[in-house]
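These notes concern the structure reproduced below.
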Amino acid sequence: MSQRLATKVDLIPAAERAADARDLVRVNEPTVGAPVRTKGSLYLVAQLTNANVSTIRAARQTLEAIEHDYYYDLSAGPLDTLARALAQANRRLFHARGRAGLNRGAQISIVAAAIRGSELHVAKIGPAGAVIVRGDRIYELPPPHAAGSAL
């Protein structure tokens, strides 16, 4: 039995999206060498709310930083480095919010998915989410926390 994983990274069509919604996608699918063997492909989707030009610029820089941190951190496996890259990006955004010109109420939410062979690793910051469809079931990734559990 073959292990096959097909990916589709997409955004909601413009007609169905809120007028002030801004979304960014960044994809890195290396084809040869060590990145394919050790890290695989990286898919980043950012959802921006109450965004202005500065927020969009900060989100683009954040996605670039996540990609860089993910591929150049060789100290752990894909899931650990993905989570570490997102946590570092979250810290950078928080500390640079004044310099970046992020307006009050602006929110950047990011979902990152790394695919290596038949493995899928997902991490996120903020309320954005990802789903995987397998057979007749839909799974939210990462799974939501149970009610009453400590975060």
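Selection over region 75-126 of residues that are over 30 Å from residue 33 (Cα atoms) and either among the aliphatic types (A, V, I, L, M) or in contact with a Ser or Thr (Cβ under 6 Å, 6 or more places away or on another chain) (or both) gives a count of 9. Are any of the residues in region 24-34 outside any helix (DSSP H, G or I), touching a helix residue (DSSP H, G or I) at 6+ places or on another chain (Cβ under 6 Å), crowded, with 18+ Cβ neighbours inside 10 Å and free of Cβ contacts under 8 Å to residues at least 40 places away in the same chain? Checked against the condition, which is being outside any helix (DSSP H, G or I), touching a helix residue (DSSP H, G or I) at 6+ places or on another chain (Cβ under 6 Å), crowded, with 18+ Cβ neighbours inside 10 Å and free of Cβ contacts under 8 Å to residues at least 40 places away in the same chain, region 24-34 yields at least one hit. Just one of the listed residues (105, 33, 98, 117) is closer than 28 Å to residue 135 by Cβ and either at pLDDT below 85 or in contact with a Lys or Arg (Cβ under 8 Å, 6 or more places away or on another chain) (or both), and it is 117.
Taking the criterion of being open to solvent by 60 Å² or more (accessible area, probe 1.4 Å), closer than 14 Å to residue 108 by Cα and assigned to a loop (DSSP other than H, G, I, E, B), the only residue of region 48-88 that qualifies is 50. Checking each residue in region 89-105 for being closer than 18 Å to residue 45 by Cβ and open to solvent by 30 Å² or more (accessible area, probe 1.4 Å) picks out only 90.
Looking at the structure I just gave you, is residue 129 at pLDDT below 80, small (Gly, Ala, Ser) and within 19 Å of the chain's Cα centre (by Cα)? The answer is yes for residue 129. Quick check: is even one residue across region 60-70 within 18 Å of residue 130 (Cβ to Cβ) and modelled with pLDDT under 90? Within region 60-70, not a single residue is within 18 Å of residue 130 (Cβ to Cβ) and modelled with pLDDT under 90. Going by what's in this entry, would residue 87 be described as closer than 21 Å to residue 23 by Cα, modelled with pLDDT of 85 or more and touching a Leu at 6+ places or on another chain (Cβ under 6 Å)? It is false that residue 87 is closer than 21 Å to residue 23 by Cα, modelled with pLDDT of 85 or more and touching a Leu at 6+ places or on another chain (Cβ under 6 Å). When region 28-64 is filtered for residues that are over 17 Å from residue 122 (Cα atoms), within 17 Å of the chain's Cα centre (by Cα) and among the aliphatic types (A, V, I, L, M), the ones remaining, listed by number, are 48, 56, 58, 59.
Working carefully through the options 114, 100, 87, find the one that is among the small types (Gly, Ala, Ser) and under 17 Å from residue 24 (Cβ atoms).
Sole residue among the options that is among the small types (Gly, Ala, Ser) and under 17 Å from residue 24 (Cβ atoms): 100.
The values are calculated or read from the model by the stated rules, or taken from the named source; none is laboratory data. Keep in mind that this is a model prediction, so the values were computed, not measured. Heads up, the Cβs are rebuilt from the backbone with ideal geometry, glycines too, and the neighbour counts pull from every protein chain shown. Accessible surface is based on the protein model in full, side chains and every heavy atom, while ligands, DNA and RNA are left aside. Shrake-Rupley method; radii C 1.70, N 1.55, O 1.52, S 1.80 Å.
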